[in-house]
Each structure stands twice: as C-alpha cells, then as structure tokens.
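Participant: Before I ask anything, here is the structure I am working with.
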Amino acid sequence: MQSECLDGGGSFEQTNICVVLQLRLMRILNEIATAWGWKGVRPRAVIMQNAFGNVIFTDDEGRYWRVCPEDLSCDVIAADSEGFEKVQKARAL
C-alpha cells in the first residue's frame with residue numbers, strides 16, 4: 001500500500017487511504033514538534049513507528065531521532081542515513 005501512495009497509482013479507495021495515512025503522519029510530526037521542540041528538533045519525516053509509541057524520524061538536518069515514550073526521551077540516534085543503517089544492522093544482531 002505504501003508504494004502505491006508514493007507513486008500515485010491505485011484506485012479511488014487507495015487514494016483515500018493514502019490521504020488518511022499522510023494526515024496521520026503529519027499529525028505525528030506535529031505532536032513531536034509540540035512535545036519535543038524545546039530540544040530544538042524540527043521533525044521532517046516519520047521513518048518507523050511501532051505499537052508501543054516508539055517513533056524514528058528525521059529532522060531538517062537529516063539526523064535520525066527516536067522518541068521512546070517508556071523512557072520519556074527523544075534523542076538523536078544517527079547523524080545521517082549511513083549512521084542509521086549502522087544502527088539498524090547493530091540492532092539486528
């Protein structure tokens with residue numbers, strides 16, 4: 001479904017689902033900006049999220065951040081996409 005949202009293909013129903021998904025992601029980014037803006041973060045795109053409320057997102061500078069609700073934290077986990085790939089590989093072990 002996500003690929004159809006990105007390439008603009010799909011039916012009317014799929015288009016509506018894509019719009020809802022995009023609005024949901026925008027809401028998440030706005031919530032992060034409101035809750036964690038005091039740390040200087042300016043969220044740009046949601047990369048991953050899970051059912052527990054953890055969110056990995058990028059900011060305007062290309063850094064990767066993780067919101068961890070159980071720790072009440074929002075921290076940079078990688079400076080760029082290469083660093084994020086290393087983090088992913090390290091956690092896969």
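The values are calculated or read from the model by the stated rules, or taken from the named source; none is laboratory data. The structure presented is a predicted model; accordingly, all values stated were derived computationally and were not measured. Heads up, the Cβs are rebuilt from the backbone with ideal geometry, glycines too, and the neighbour counts pull from every protein chain shown.
Participant: What pairs come out if I take residues in segment 39-65 that are in contact (Cβ under 8 Å) with a residue 24 or more places away in the chain and more than 18 Å from Q22 (Cα to Cα) and pair them with residues that are crowded, with 17+ Cβ neighbours inside 10 Å and among the hydroxyl-bearing types (S, T, Y) whose C-beta lies under 8 Å away, six or more apart or interchain?
Facilitator: Hits for this filter: W65/T58.
Participant: Here's something else I'd like to know. From the list E4, E13, E31, pick out the single residue that is modelled with pLDDT of 90 or more and of a type in the set (D, E). I'd like the intermediate steps shown before the answer.
Facilitator: Values: E4 fails: modelled with pLDDT of 90 or more; E13 fails: modelled with pLDDT of 90 or more.
None of the other options fit; the residue is E31.
Okay, residues lined up against (1) among the aromatic types (F, W, Y); (2) in contact with a strand residue (DSSP E or B) (Cβ under 9 Å, 6 or more places away or on another chain):
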position	(1), (2)
I47	no, yes
F57	yes, yes
E70	no, no
A79	no, yes
